[in-house]
Amino acid sequence: MDDPSAALERARAEAARLVGDLEHELAAIAESTAESPDDEHDAEGSTVGFERARVQGLLERARRSAADIEAAIQRAESGRYGLCVSCGRPIAAERLEVLPAAARCVDCLG
Ligand SMILES: [Zn+2]
């Protein structure tokens, strides 16, 4: 197998950037609501609430994927990269190409 570290490093940088972007976006939303705590505009308030929930959801997902990538880097360091954490069989190369941090083979996906 090719050395996966380059792909993992790329994925890690990408995930970190995404988390940073979303944190920034969330902070901007919090700031905009702090500046105009206007209870009279209910419709607007719920839009902001919806937007905040959406960004928060994306942020949680981005953090999880960053954690997955860290775990994959750990596995690479201990020589178990590319092996399914459930059944121990090799994960298909095509799958790892799309998802370098994949921890399970297709058969073991929930
Ligand atoms: Zn498996």
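The values are calculated or read from the model by the stated rules, or taken from the named source; none is laboratory data. Since the structure is predicted, the reported quantities are computational estimates derived from the model, not experimental observations. A quick note on method: Cβ atoms are made from the backbone with ideal geometry, for glycine too, and the neighbour counts reach across all protein chains shown.
When A103 is tested against (1) more than 10 Å from the ligand (Cβ to nearest atom); (2) of a type in the set (A, V, I, L, M, F, W, C); (3) surrounded by 13 or more Cβ atoms within 10 Å (Cβ to Cβ), exactly one condition is not met: (1).
Residues of the range 65-108 that are polar (S, T, N, Q) and more than 25 Å from R17 (Cα to Cα): S78, S86. Filtering the range 77-107 to residues that are in contact (Cβ under 8 Å) with a residue 60 or more places away in the chain and assigned to a loop (DSSP other than H, G, I, E, B) leaves Y81, G82, P100, A101.
If we keep just the residues of the range 78-100 that are β-branched (V, I, T) and farther than 17 Å from A6 by Cα, which is surrounded by the most Cβ atoms within 10 Å (Cβ to Cβ)? I'd like the intermediate steps shown before the answer.
Residues of the range 78-100 β-branched (V, I, T): 85, 91, 98.
Add one more test, that the residue is farther than 17 Å from A6 by Cα, and what stays is 85, 91.
Values: V85: 15, I91: 21.
The residue in question is I91.
Hey, does the range 75-98 have a residue that's at pLDDT below 95, within 16 Å of the ligand (Cβ to nearest atom) and under 13 Å from the mean Cα position of the chain (by Cα)? No, the range 75-98 has no match at all. Evaluation of A67 against the conditions (1) surrounded by fewer than 13 Cβ atoms within 10 Å (Cβ to Cβ); (2) modelled with pLDDT under 90; (3) away from the ligand (no atom under 16 Å from the Cβ) shows that the sole unmet condition is (2).
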